[in-house]
1. For the range 128-189, give the percent of accessible area contributed by carbon and sulfur heavy atoms, probe 1.4 Å, rounded to a whole number.
2. Quick one: if the Förster radius is 30 Å, what FRET efficiency do Y104 and K165 give, using the C-beta to C-beta distance and rounding to 0.05?
3. Under 1.5 on a/c is rounded, so check that first for the range 1-156, then, if it is not, pick prolate when a/b is larger than b/c and oblate when it is not; a ≥ b ≥ c are the square roots of the alpha carbon gyration tensor eigenvalues.
4. I'd like the Karplus ³J(HN,Hα) series for the range 100-106: coefficients 6.51, -1.76, 1.60, θ = phi - 60°, whole numbers in Hz, and an x wherever there's a Gly or Pro.
5. Where only protein heavy atoms count, and the probe is 1.4 Å, what is the accessible area per residue for the range 174-213 in Å²?
6. Can you give the FRET efficiency for M269 and Q199, using 1/(1 + (r/R0)^6), R0 = 56 Å, r = Cβ-Cβ distance, to the nearest 0.05?
7. With a/c under 1.5 counting as rounded, go ahead and sort the range 25-74 into rounded, prolate or oblate using the C-alpha gyration tensor (a ≥ b ≥ c being the square roots of the eigenvalues; past the cut-off, prolate if a/b is larger than b/c, else oblate).
8. Using the Karplus equation 6.51 cos²θ - 1.76 cosθ + 1.60 (θ = phi - 60°), what ³J(HN,Hα) coupling, rounded to whole Hz, does each residue of the range 63-73 give in order, writing x for Gly and Pro?
Amino acid sequence: MTGAYVLILLALLFIFVITVLAKTVRIVPQARAGIVERFGKYKGTLNAGLNIVVPFMDKVRYLIDLREQVVSFPPQPVITEDNLVVSIDTVIYFQVTDPIAATYEIANYIQAVEQLTMTTLRNIVGGMDLEETLTSRDEINTRLRGVLDEATGKWGIRVNRVELKGIDPPPSIKDSMEKQMRADRDKRAAILTAEGGRQSAILTAEGQKQSAILSAEGDRESQILRAQADREAAILRAQGEGQAIQTVFQAIHDGNPDQSLLAYQYLQMMPKIAEGDANKVWVIPSEITKALEGLGSSVHEIAGIPKDSGGPRTRVDMGSTEPVKLGGSGALGDAELSAASAAVQQAIAAAESAASDSPSTDDPAAGGTPNPPAAEPPSVQ
(Lines give C-alpha, C1' and ligand atoms only; values in the text may rest on other atoms or scores of the structure.)
Protein backbone atom coordinates (compact mmCIF):
# COMPACT_ATOMS: atom_id res chain seq x y z
CA MET A 1 0.00 0.00 0.00
CA THR A 2 2.83 2.29 0.90
CA GLY A 3 4.54 1.53 -2.43
CA ALA A 4 1.45 2.61 -4.32
CA TYR A 5 1.45 5.95 -2.59
CA VAL A 6 5.10 6.38 -3.41
CA LEU A 7 4.47 5.72 -7.08
CA ILE A 8 1.62 8.22 -7.15
CA LEU A 9 3.80 10.87 -5.54
CA LEU A 10 6.60 10.24 -8.02
CA ALA A 11 4.20 10.55 -10.90
CA LEU A 12 2.83 13.81 -9.56
CA LEU A 13 6.35 15.10 -9.03
CA PHE A 14 7.28 14.24 -12.62
CA ILE A 15 4.23 16.00 -13.97
CA PHE A 16 5.05 19.05 -11.87
CA VAL A 17 8.60 19.13 -13.14
CA ILE A 18 7.40 18.86 -16.74
CA THR A 19 4.92 21.70 -16.17
CA VAL A 20 7.56 23.92 -14.60
CA LEU A 21 9.90 23.34 -17.50
CA ALA A 22 7.17 24.12 -19.98
CA LYS A 23 6.40 27.36 -18.17
CA THR A 24 10.04 28.29 -17.89
CA VAL A 25 11.31 27.67 -21.42
CA ARG A 26 9.65 29.71 -24.25
CA ILE A 27 10.67 29.53 -27.90
CA VAL A 28 9.85 32.61 -30.04
CA PRO A 29 9.87 32.17 -33.87
CA GLN A 30 11.90 34.39 -36.19
CA ALA A 31 10.43 37.86 -36.96
CA ARG A 32 8.25 37.63 -33.90
CA ALA A 33 8.34 39.39 -30.55
CA GLY A 34 6.80 38.16 -27.30
CA ILE A 35 5.37 40.57 -24.71
CA VAL A 36 5.96 39.21 -21.16
CA GLU A 37 3.79 40.34 -18.24
CA ARG A 38 4.41 39.62 -14.54
CA PHE A 39 1.27 39.71 -12.49
CA GLY A 40 -0.48 41.67 -15.30
CA LYS A 41 2.26 44.25 -15.69
CA TYR A 42 4.70 44.55 -18.57
CA LYS A 43 7.92 42.75 -17.69
CA GLY A 44 9.90 42.53 -20.94
CA THR A 45 10.04 41.56 -24.59
CA LEU A 46 11.18 38.17 -25.77
CA ASN A 47 13.26 38.09 -28.95
CA ALA A 48 13.38 35.27 -31.48
CA GLY A 49 14.92 32.05 -30.15
CA LEU A 50 15.03 30.25 -26.75
CA ASN A 51 13.96 32.35 -23.77
CA ILE A 52 13.68 31.60 -20.00
CA VAL A 53 10.87 33.06 -17.89
CA VAL A 54 9.85 32.65 -14.28
CA PRO A 55 7.10 30.08 -14.21
CA PHE A 56 3.77 30.93 -12.57
CA MET A 57 4.89 34.58 -12.33
CA ASP A 58 5.72 35.64 -15.93
CA LYS A 59 3.31 35.15 -18.79
CA VAL A 60 3.75 35.74 -22.54
CA ARG A 61 0.65 37.82 -23.17
CA TYR A 62 1.06 38.73 -26.89
CA LEU A 63 3.13 37.41 -29.78
CA ILE A 64 3.60 40.30 -32.26
CA ASP A 65 4.44 39.71 -35.95
CA LEU A 66 7.23 42.08 -37.01
CA ARG A 67 6.99 41.33 -40.76
CA GLU A 68 5.41 43.72 -43.26
CA GLN A 69 1.72 43.01 -43.48
CA VAL A 70 -0.77 43.59 -46.28
CA VAL A 71 -4.35 44.42 -45.44
CA SER A 72 -7.05 44.87 -48.08
CA PHE A 73 -10.09 46.84 -46.98
CA PRO A 74 -13.50 46.32 -48.62
CA PRO A 75 -14.91 49.05 -50.92
CA GLN A 76 -16.23 52.08 -49.13
CA PRO A 77 -18.66 54.70 -50.52
CA VAL A 78 -17.08 58.12 -50.88
CA ILE A 79 -18.80 61.34 -52.02
CA THR A 80 -16.85 63.55 -54.43
CA GLU A 81 -16.97 67.32 -54.64
CA ASP A 82 -19.59 67.20 -57.44
CA ASN A 83 -21.88 65.04 -55.23
CA LEU A 84 -21.24 61.71 -56.90
CA VAL A 85 -20.86 58.53 -54.85
CA VAL A 86 -17.94 56.33 -55.80
CA SER A 87 -16.76 53.09 -54.24
CA ILE A 88 -13.06 52.91 -53.37
CA ASP A 89 -11.22 49.89 -52.05
CA THR A 90 -7.68 50.27 -50.70
CA VAL A 91 -4.66 48.13 -49.84
CA ILE A 92 -2.35 49.08 -46.94
CA TYR A 93 1.23 47.83 -46.52
CA PHE A 94 2.43 48.39 -42.93
CA GLN A 95 4.94 47.00 -40.44
CA VAL A 96 5.10 46.92 -36.62
CA THR A 97 8.26 48.68 -35.48
CA ASP A 98 7.49 48.90 -31.73
CA PRO A 99 5.77 45.81 -30.27
CA ILE A 100 5.20 47.48 -26.91
CA ALA A 101 3.40 50.52 -28.43
CA ALA A 102 1.42 48.30 -30.80
CA THR A 103 0.29 46.26 -27.79
CA TYR A 104 -0.46 48.90 -25.18
CA GLU A 105 -1.11 52.11 -27.20
CA ILE A 106 -3.94 50.70 -29.35
CA ALA A 107 -6.35 47.85 -28.73
CA ASN A 108 -6.63 46.68 -32.37
CA TYR A 109 -4.22 48.44 -34.69
CA ILE A 110 -5.55 46.77 -37.85
CA GLN A 111 -9.06 48.04 -37.23
CA ALA A 112 -7.65 51.42 -36.31
CA VAL A 113 -5.70 51.60 -39.57
CA GLU A 114 -8.83 50.65 -41.53
CA GLN A 115 -10.99 53.32 -39.95
CA LEU A 116 -8.29 55.94 -40.27
CA THR A 117 -7.88 55.04 -43.93
CA MET A 118 -11.60 55.45 -44.64
CA THR A 119 -11.90 58.81 -42.91
CA THR A 120 -8.76 60.19 -44.53
CA LEU A 121 -9.87 58.94 -47.94
CA ARG A 122 -13.23 60.69 -47.59
CA ASN A 123 -11.46 63.94 -46.70
CA ILE A 124 -9.13 63.74 -49.68
CA VAL A 125 -11.70 62.62 -52.28
CA GLY A 126 -14.30 65.05 -50.95
CA GLY A 127 -12.20 67.93 -52.27
CA MET A 128 -11.98 66.51 -55.83
CA ASP A 129 -14.50 66.08 -58.59
CA LEU A 130 -15.04 62.74 -60.31
CA GLU A 131 -12.70 63.33 -63.23
CA GLU A 132 -9.92 64.52 -60.94
CA THR A 133 -10.46 61.53 -58.66
CA LEU A 134 -10.14 59.10 -61.55
CA THR A 135 -6.96 60.71 -62.82
CA SER A 136 -5.21 61.49 -59.50
CA ARG A 137 -4.48 58.08 -58.04
CA ASP A 138 -0.83 58.87 -57.31
CA GLU A 139 -1.73 62.09 -55.53
CA ILE A 140 -4.38 60.33 -53.43
CA ASN A 141 -1.94 57.53 -52.54
CA THR A 142 0.77 59.97 -51.47
CA ARG A 143 -1.53 62.11 -49.35
CA LEU A 144 -3.18 59.09 -47.75
CA ARG A 145 0.16 57.49 -46.90
CA GLY A 146 1.43 60.70 -45.32
CA VAL A 147 -1.62 61.03 -43.06
CA LEU A 148 -1.61 57.35 -42.03
CA ASP A 149 2.13 57.27 -41.34
CA GLU A 150 1.87 60.33 -39.14
CA ALA A 151 -1.15 59.04 -37.23
CA THR A 152 0.11 55.47 -36.70
CA GLY A 153 3.61 56.48 -35.63
CA LYS A 154 2.64 56.63 -31.97
CA TRP A 155 1.16 53.13 -32.26
CA GLY A 156 4.52 51.69 -33.25
CA ILE A 157 3.37 51.12 -36.84
CA ARG A 158 4.99 52.34 -40.06
CA VAL A 159 2.84 52.59 -43.18
CA ASN A 160 5.07 51.75 -46.15
CA ARG A 161 2.64 51.97 -49.07
CA VAL A 162 -1.00 52.74 -49.85
CA GLU A 163 -2.70 51.69 -53.09
CA LEU A 164 -6.20 52.26 -54.45
CA LYS A 165 -7.34 48.98 -55.98
CA GLY A 166 -10.40 50.38 -57.66
CA ILE A 167 -12.57 53.46 -58.04
CA ASP A 168 -16.05 52.53 -59.19
CA PRO A 169 -18.45 55.36 -60.14
CA PRO A 170 -22.23 54.78 -60.24
CA PRO A 171 -23.65 52.77 -63.18
CA SER A 172 -25.32 55.84 -64.70
CA ILE A 173 -22.03 57.71 -64.59
CA LYS A 174 -20.26 54.72 -66.14
CA ASP A 175 -22.78 54.68 -68.98
CA SER A 176 -22.35 58.43 -69.54
CA MET A 177 -18.57 58.07 -69.48
CA GLU A 178 -18.71 55.23 -71.98
CA LYS A 179 -20.90 57.31 -74.29
CA GLN A 180 -18.55 60.25 -73.93
CA MET A 181 -15.50 58.11 -74.63
CA ARG A 182 -17.29 56.47 -77.57
CA ALA A 183 -18.18 59.88 -78.98
CA ASP A 184 -14.63 61.08 -78.45
CA ARG A 185 -13.25 58.01 -80.24
CA ASP A 186 -15.74 58.48 -83.09
CA LYS A 187 -14.67 62.11 -83.33
CA ARG A 188 -10.99 61.19 -83.45
CA ALA A 189 -11.74 58.47 -86.01
CA ALA A 190 -13.64 60.96 -88.19
CA ILE A 191 -10.79 63.47 -87.88
CA LEU A 192 -8.20 60.85 -88.79
CA THR A 193 -10.34 59.69 -91.71
CA ALA A 194 -10.72 63.27 -92.94
CA GLU A 195 -7.00 63.90 -92.57
CA GLY A 196 -6.27 60.67 -94.43
CA GLY A 197 -8.64 61.69 -97.23
CA ARG A 198 -7.04 65.13 -97.40
CA GLN A 199 -3.53 63.70 -97.51
CA SER A 200 -4.64 61.22 -100.17
CA ALA A 201 -6.20 64.02 -102.26
CA ILE A 202 -3.07 66.15 -101.87
CA LEU A 203 -0.79 63.29 -102.88
CA THR A 204 -3.06 62.42 -105.81
CA ALA A 205 -3.10 66.06 -106.97
CA GLU A 206 0.67 66.30 -106.63
CA GLY A 207 1.06 63.06 -108.59
CA GLN A 208 -1.24 64.33 -111.34
CA LYS A 209 0.65 67.63 -111.36
CA GLN A 210 3.99 65.88 -111.69
CA SER A 211 2.55 63.60 -114.37
CA ALA A 212 1.21 66.59 -116.32
CA ILE A 213 4.54 68.40 -115.99
CA LEU A 214 6.48 65.36 -117.16
CA SER A 215 4.02 64.79 -120.03
CA ALA A 216 4.32 68.44 -121.08
CA GLU A 217 8.10 68.26 -120.91
CA GLY A 218 8.04 65.03 -122.91
CA ASP A 219 5.74 66.59 -125.53
CA ARG A 220 7.96 69.65 -125.74
CA GLU A 221 11.13 67.61 -126.16
CA SER A 222 9.34 65.38 -128.68
CA GLN A 223 8.23 68.40 -130.69
CA ILE A 224 11.71 69.91 -130.51
CA LEU A 225 13.30 66.66 -131.69
CA ARG A 226 10.65 66.26 -134.40
CA ALA A 227 11.24 69.84 -135.57
CA GLN A 228 15.00 69.26 -135.59
CA ALA A 229 14.48 66.03 -137.56
CA ASP A 230 12.22 67.82 -140.05
CA ARG A 231 14.74 70.61 -140.44
CA GLU A 232 17.64 68.21 -140.99
CA ALA A 233 15.48 66.18 -143.43
CA ALA A 234 14.68 69.40 -145.32
CA ILE A 235 18.38 70.26 -145.38
CA LEU A 236 19.22 66.79 -146.68
CA ARG A 237 16.46 66.99 -149.31
CA ALA A 238 17.72 70.41 -150.40
CA GLN A 239 21.25 69.07 -150.62
CA GLY A 240 20.00 66.03 -152.58
CA GLU A 241 18.01 68.18 -154.96
CA GLY A 242 21.02 70.48 -155.45
CA GLN A 243 23.32 67.56 -156.15
CA ALA A 244 20.71 66.00 -158.47
CA ILE A 245 20.44 69.27 -160.39
CA GLN A 246 24.22 69.50 -160.59
CA THR A 247 24.53 65.85 -161.72
CA VAL A 248 21.79 66.10 -164.38
CA PHE A 249 22.99 69.41 -165.69
CA GLN A 250 26.58 68.21 -165.78
CA ALA A 251 25.54 65.00 -167.56
CA ILE A 252 23.64 66.99 -170.17
CA HIS A 253 26.53 69.44 -170.49
CA ASP A 254 29.08 66.64 -170.84
CA GLY A 255 26.91 64.45 -173.13
CA ASN A 256 26.11 67.28 -175.63
CA PRO A 257 22.74 65.70 -176.75
CA ASP A 258 21.43 66.06 -180.30
CA GLN A 259 18.00 65.73 -181.98
CA SER A 260 18.19 61.93 -182.29
CA LEU A 261 18.84 61.44 -178.54
CA LEU A 262 15.93 63.71 -177.58
CA ALA A 263 13.60 61.86 -179.98
CA TYR A 264 14.67 58.58 -178.43
CA GLN A 265 13.91 59.97 -174.93
CA TYR A 266 10.44 61.00 -176.10
CA LEU A 267 9.82 57.48 -177.37
CA GLN A 268 10.79 56.09 -173.96
CA MET A 269 8.18 58.34 -172.32
CA MET A 270 5.38 56.83 -174.41
CA PRO A 271 4.89 53.64 -172.25
CA LYS A 272 4.74 55.73 -169.07
CA ILE A 273 1.98 57.85 -170.55
CA ALA A 274 -0.02 54.67 -171.23
CA GLU A 275 0.43 53.27 -167.68
CA GLY A 276 -2.68 52.92 -165.52
CA ASP A 277 -6.05 51.20 -165.95
CA ALA A 278 -7.97 54.48 -166.16
CA ASN A 279 -5.96 55.90 -169.08
CA LYS A 280 -8.39 55.64 -171.97
CA VAL A 281 -7.63 58.96 -173.69
CA TRP A 282 -4.02 59.91 -174.42
CA VAL A 283 -2.91 63.50 -174.77
CA ILE A 284 0.23 63.47 -176.88
CA PRO A 285 2.35 66.64 -176.65
CA SER A 286 3.29 68.32 -179.92
CA GLU A 287 6.98 67.83 -179.09
CA ILE A 288 6.57 64.04 -179.42
CA THR A 289 5.30 64.33 -183.04
CA LYS A 290 8.16 66.61 -183.81
CA ALA A 291 10.54 64.14 -182.18
CA LEU A 292 9.08 61.31 -184.27
CA GLU A 293 9.50 63.41 -187.40
CA GLY A 294 13.06 64.27 -186.34
CA LEU A 295 13.78 60.58 -185.81
CA GLY A 296 13.21 59.90 -189.57
CA SER A 297 14.67 63.12 -190.94
CA SER A 298 16.49 66.11 -189.66
CA VAL A 299 14.33 68.66 -191.45
CA HIS A 300 12.62 69.82 -188.31
CA GLU A 301 14.68 70.71 -185.23
CA ILE A 302 13.53 71.16 -181.72
CA ALA A 303 14.24 74.51 -180.18
CA GLY A 304 17.00 74.60 -177.60
CA ILE A 305 18.89 71.55 -178.98
CA PRO A 306 21.67 72.49 -181.39
CA LYS A 307 21.93 70.46 -184.62
CA ASP A 308 25.67 70.34 -184.57
CA SER A 309 27.42 69.94 -181.29
CA GLY A 310 30.51 71.59 -182.60
CA GLY A 311 32.78 69.41 -180.53
CA PRO A 312 32.96 68.90 -176.79
CA ARG A 313 32.08 71.84 -174.59
CA THR A 314 33.95 73.16 -171.67
CA ARG A 315 32.99 71.32 -168.43
CA VAL A 316 31.35 73.53 -165.86
CA ASP A 317 32.62 73.05 -162.29
CA MET A 318 29.47 72.46 -160.22
CA GLY A 319 31.30 72.17 -156.92
CA SER A 320 31.63 69.21 -154.61
CA THR A 321 28.95 66.53 -154.75
CA GLU A 322 29.59 65.40 -151.19
CA PRO A 323 26.54 65.99 -148.95
CA VAL A 324 26.94 68.67 -146.36
CA LYS A 325 27.21 67.13 -142.90
CA LEU A 326 24.46 68.38 -140.66
CA GLY A 327 25.26 69.67 -137.28
CA GLY A 328 23.03 69.96 -134.29
CA SER A 329 20.33 72.44 -133.64
CA GLY A 330 21.07 76.12 -133.23
CA ALA A 331 23.27 78.56 -135.14
CA LEU A 332 25.49 75.81 -136.61
CA GLY A 333 22.51 74.06 -138.29
CA ASP A 334 21.22 77.36 -139.68
CA ALA A 335 24.68 78.17 -141.11
CA GLU A 336 24.84 74.77 -142.81
CA LEU A 337 21.33 75.30 -144.26
CA SER A 338 22.37 78.71 -145.61
CA ALA A 339 25.58 77.24 -147.08
CA ALA A 340 23.59 74.45 -148.79
CA SER A 341 21.09 76.95 -150.26
CA ALA A 342 23.92 79.16 -151.48
CA ALA A 343 25.60 76.17 -153.14
CA VAL A 344 22.36 75.25 -154.92
CA GLN A 345 21.85 78.85 -156.12
CA GLN A 346 25.46 79.02 -157.25
CA ALA A 347 25.07 75.77 -159.26
CA ILE A 348 21.89 77.03 -160.95
CA ALA A 349 23.56 80.37 -161.78
CA ALA A 350 26.56 78.56 -163.25
CA ALA A 351 24.26 76.39 -165.38
CA GLU A 352 22.37 79.40 -166.68
CA SER A 353 25.67 81.16 -167.46
CA ALA A 354 26.96 78.14 -169.37
CA ALA A 355 23.74 77.91 -171.35
CA SER A 356 23.85 81.58 -172.27
CA ASP A 357 27.50 81.30 -173.42
CA SER A 358 26.72 78.49 -175.96
CA PRO A 359 25.66 79.54 -179.60
CA SER A 360 21.88 79.64 -179.97
CA THR A 361 20.12 78.30 -183.07
CA ASP A 362 17.55 81.03 -182.75
CA ASP A 363 20.13 83.82 -183.14
CA PRO A 364 20.57 84.74 -186.85
CA ALA A 365 23.90 86.36 -186.08
CA ALA A 366 25.26 83.05 -184.91
CA GLY A 367 24.28 81.31 -188.12
CA GLY A 368 21.29 79.48 -186.70
CA THR A 369 17.89 78.99 -188.23
CA PRO A 370 15.04 80.52 -186.31
CA ASN A 371 12.52 77.94 -185.02
CA PRO A 372 9.08 78.48 -183.65
CA PRO A 373 8.82 78.49 -179.85
CA ALA A 374 8.18 75.10 -178.32
CA ALA A 375 7.18 73.81 -174.94
CA GLU A 376 9.82 73.05 -172.33
CA PRO A 377 11.28 69.60 -172.97
CA PRO A 378 10.97 66.99 -170.25
CA SER A 379 13.92 65.92 -168.18
CA VAL A 380 16.32 63.48 -169.81
CA GLN A 381 16.18 60.10 -168.12
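1. Details: 1850 of 3960 Å².
Ligands and nucleic acids excluded, carbon and sulfur reach 47 percent.
2. 0.40
3. The shape class here is prolate.
4. Working through the residues one at a time gives 5, 5, 5, 8, 9, 8, 9 Hz.
5. 84
6. The pair M269/Q199 has a calculated efficiency of 0.15.
7. oblate
8. 10, 8, 7, 8, 6, 6, 10, 10, 10, 9, 9
The values are calculated or read from the model by the stated rules, or taken from the named source; none is laboratory data. Every value quoted in this text rests on a predicted model; they were computed, and no experiment measured them. Note that each Cβ is placed from the backbone with ideal geometry, even for glycine, and that neighbours are counted across all protein chains shown. Surface accessibility is based on the protein's heavy atoms, side chains included, excluding ligands, DNA and RNA. Shrake-Rupley method; radii C 1.70, N 1.55, O 1.52, S 1.80 Å.
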